[in-house]
Ligand SMILES: Nc1nc2c(ncn2[C@@H]2O[C@H](COP(=O)(O)OP(=O)(O)OP(=O)(O)O)[C@@H](O)[C@H]2O)c(=O)[nH]1
Ligand SMILES: [Mg+2]
């Protein structure tokens, strides 16, 4: 593949709801352009950008993947992204690497939750967009309805540039409002070939109406054009396209196209519009980078003469190859074999075998110009979201704001002894996929993994096995219960041992009392007259603190209580620190069971967003989880519900919310407070914990 100059590059993210036809479209565009030699299909597992074993087996996209369509002397870098919300981080990364987005909307499904999500991502990046109404040949396809939904739910600035001839199985042509021509397709069309004819008479009225709408929308974005239009002057196709491109750059126009990717209908016109309407990298606002090691910020245009800076937006880890790094050059150029610098990691990286990716294939190239996208394998210490720059001018770009995890499960290895391999594997997977997180909780004795959904974590566990040979299973995360005291009590702890030579002797009397939530542990030394020597008092406290790790109810840490040490005795020869520590432990164990100990559970503050129509169901579900609703308020298109819910009742809540709201609800949670567990629930927890501790003893 030849190299392309900045002005001839278009970086286009293909985004949309799951199964809207993105991967099929990318495959068709690359094939029709001639860059890819084979027209693949998702159903057969041959689509260009769904090439991993997971994707072939499941028939949906999991990873962002690249393809190229060379068209009109330009190189269109196509970034195919998954639609499922579990992989939404990939869509976000795709949007961040692009200069324009094709928002694919299915002619049967219309605007769905995934469409709204990617629309928001594009808004955050102020990305020029066009719509592609896909699957026009599918039964029940409805162009007008989808157009209406886009207008109502995404933007009033959408404007059709094409209208279909026939719908569903009758779909066989597309009228272009710019060229005022109709493209008719025949069954058996292989690469988007068509016959160009005049607009059929039965479409004349519709054509007139839409043409009028189009030209008025364009003219409205440009004063001189508007004047000429109102003065009755003709506006040429080139003028209209230039005005539309300018309007798109300012976010004032979102043109709409249609077609059927599998049949290749509409692909040629779309390719031309990607080149004509989307900006080249230098036409987008320049990026702002930070000079490494200083607070100074520099604005960098997508210019070959600017210092080199690039961002890694994706790492693919491939069998036999290792990590393949996808990066977008934002400024400057880079050549094959050049050394670049990853400043925060202090890593010099050599870009050997610099390539362009087309699906799973990679083509070596001599250089990349400003704005282009490339891939390179086997970097030493560079990961997703890192910046690369020149050694002499180290810089970092703002990070891609990957979404926070919404679901947590525990993982354990099937085979003892693989724990180290597990933690290495998880660490590598996080560097590859920043929406996946992991941590070891010493308190719970569990490795916790967090991600964007059950499907996401399922895929991660699959990767662990395939790539790192670690076979792991997921389990429910344990809950970090606590215990506290409701009443006061007092008593003794005496440790006395007489064996052979020197004995052990420690004796203390304590009073325990509850403290308010969050107060922690307070130790009050009331010893007078030296009944316990000064030097042994800290040992008593130490013993109590240690014993409090296992409370009297079910062996959970005891919190928020006070201990007053008020009496004791010692032995001149046999007393030592160890003996007084033991006395402290014994005192704790003797006294706390009499101070009405109870179980506490973590309560989370939950904020859930749902469309109004599911509000009742969402609140009902939260209440059934022992939740306490704090209130509701409108928030944009959604209604926000705030509630306090025990963490124990939130296992896989994301999945349930997803199903109640038909995929549209989202939520976040954070720790709020520890609260008493109701007695009926406490019984169950205590029983389960007893079993768990017994099992642990056996092992
Ligand atoms: N009838 C018809 N079906 C299509 C067309 N394009 C794609 N499909 C089918 O629609 C389904 C989804 O297509 P994909 O291309 O995988 O959709 P996607 O948007 O990439 O899906 P995700 O990767 O899961 O987000 C597949 O079964 C395709 O065969 C089309 O033009 N016409
Ligand atoms: Mg796909």
Quiz item: Does residue 381 count as in contact (Cβ under 8 Å) with a residue 24 or more places away in the chain and either crowded, with 21+ Cβ neighbours inside 10 Å or farther than 30 Å from residue 51 by Cα (or both)?
Solution: no
Quiz item: With 337, 332, 322, 259 as the choices, which residue is without any contact (Cβ under 8 Å) to a residue 60 or more places away in the chain, surrounded by 21 or more Cβ atoms within 10 Å (Cβ to Cβ) and in contact with a strand residue (DSSP E or B) (Cβ under 8 Å, 6 or more places away or on another chain)?
Solution: 332
Self-check item: Evaluation of residue 530 against (1) on the phi > 0 side of the Ramachandran plot; (2) under 55 Å from the mean Cα position of the chain (by Cα) (one fails), failing number
Solution: (2)
Quiz item: Taking the stretch 218-238 as the region of interest, how many residues are closer than 23 Å to residue 99 by Cβ and in contact with a helix residue (DSSP H, G or I) (Cβ under 8 Å, 6 or more places away or on another chain)?
Solution: 3
Practice problem: Tell me which residues, restricted to the stretch 554-594, are surrounded by 21 or more Cβ atoms within 10 Å (Cβ to Cβ), outside any helix (DSSP H, G or I), under 47 Å from the mean Cα position of the chain (by Cα) and at pLDDT 95 or above. | Solution: 558, 561, 563
Quiz item: Among the residues of the stretch 9-26, is there at least one that is more than 8 Å from ligand 1 (Cβ to nearest atom) and over 24 Å from the mean Cα position of the chain (by Cα)?
Solution: yes
Quiz item: Could you list, in sequence order, the residues of the stretch 418-467 that are over 30 Å from residue 481 (Cβ atoms) and outside any helix (DSSP H, G or I)?
Solution: 433, 434
Quiz item: Does any residue of the stretch 68-81 turn out to be away from ligand 1 (no atom under 14 Å from the Cβ), more than 19 Å from residue 260 (Cα to Cα) and without any contact (Cβ under 8 Å) to a residue 60 or more places away in the chain?
Solution: no
Quiz item: Among the residues of the stretch 89-104, is any within 11 Å of ligand 1 (Cβ to nearest atom), within 16 Å of the chain's Cα centre (by Cα) and more than 27 Å from residue 276 (Cα to Cα)?
Solution: no
Self-check item: Evaluation of residue 63 against (1) within 14 Å of ligand 2 (Cβ to nearest atom); (2) in contact (Cβ under 8 Å) with a residue 40 or more places away in the chain; (3) over 24 Å from residue 407 (Cα atoms); (4) touching a helix residue (DSSP H, G or I) at 6+ places or on another chain (Cβ under 7 Å) (one fails), failing number
Solution: (3)
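So that you can scan it fast, the table gives a plain yes or no per residue for (1) assigned to a strand (DSSP E or B); (2) modelled with pLDDT under 95:
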{"position": "600", "(1), (2)": "yes, no"}
{"position": "607", "(1), (2)": "yes, yes"}
{"position": "615", "(1), (2)": "no, no"}
{"position": "620", "(1), (2)": "no, no"}
{"position": "631", "(1), (2)": "yes, no"}
{"position": "645", "(1), (2)": "yes, no"}
{"position": "659", "(1), (2)": "no, yes"}
{"position": "664", "(1), (2)": "no, yes"}
{"position": "688", "(1), (2)": "no, yes"}
Self-check item: Set 394, 405, 398: member being under 30 Å from residue 304 (Cβ atoms) and within 19 Å of the chain's Cα centre (by Cα)
Solution: 398
Quiz item: Looking at 464, 485, which one is within 24 Å of the chain's Cα centre (by Cα) and buried (at least 16 other Cβ atoms within 10 Å of the Cβ)?
Solution: 464
Exercise. Residues being within 12 Å of ligand 2 (Cβ to nearest atom) and either under 17 Å from residue 137 (Cβ atoms) or in a loop (DSSP other than H, G, I, E, B) (or both): count how many of those fall in the stretch 1-22.
Key: 6
Exercise. Please work out which residue is surrounded by the fewest Cβ atoms within 10 Å (Cβ to Cβ), limiting yourself to the stretch 29-55 and to residues that are within 16 Å of ligand 2 (Cβ to nearest atom), modelled with pLDDT of 95 or more and in a helix (DSSP H, G or I).
Key: 31
Self-check item: Which numbered condition residue 92 misses (of (1) more than 16 Å from ligand 2 (Cβ to nearest atom); (2) more than 28 Å from residue 176 (Cβ to Cβ); (3) at pLDDT 95 or above)
Solution: (1)
Quiz item: If residue 70 satisfies every condition in (1) within 26 Å of residue 465 (Cβ to Cβ); (2) surrounded by fewer than 23 Cβ atoms within 10 Å (Cβ to Cβ); (3) away from ligand 2 (no atom under 12 Å from the Cβ) but one, which is the exception?
Solution: (1)
Quiz item: Taking into account only those residues within the stretch 56-67 that are assigned to a helix (DSSP H, G or I) and more than 10 Å from ligand 1 (Cβ to nearest atom), which is modelled with the lowest pLDDT?
Solution: 57
Exercise. Go through the stretch 198-283 and tell me which helices (runs of 4 or more DSSP H), entirely inside it, have 1 or more residues that are modelled with pLDDT of 95 or more and under 26 Å from residue 21 (Cα atoms).
Key: 204-219, 237-249, 267-277
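The values are calculated or read from the model by the stated rules, or taken from the named source; none is laboratory data. The shown structure was predicted, so the numbers you read here are calculated from the model rather than taken from an experiment. As a convention, Cβ positions derive from the backbone with ideal geometry for all residues, glycine included, and neighbour counts pool all protein chains shown.
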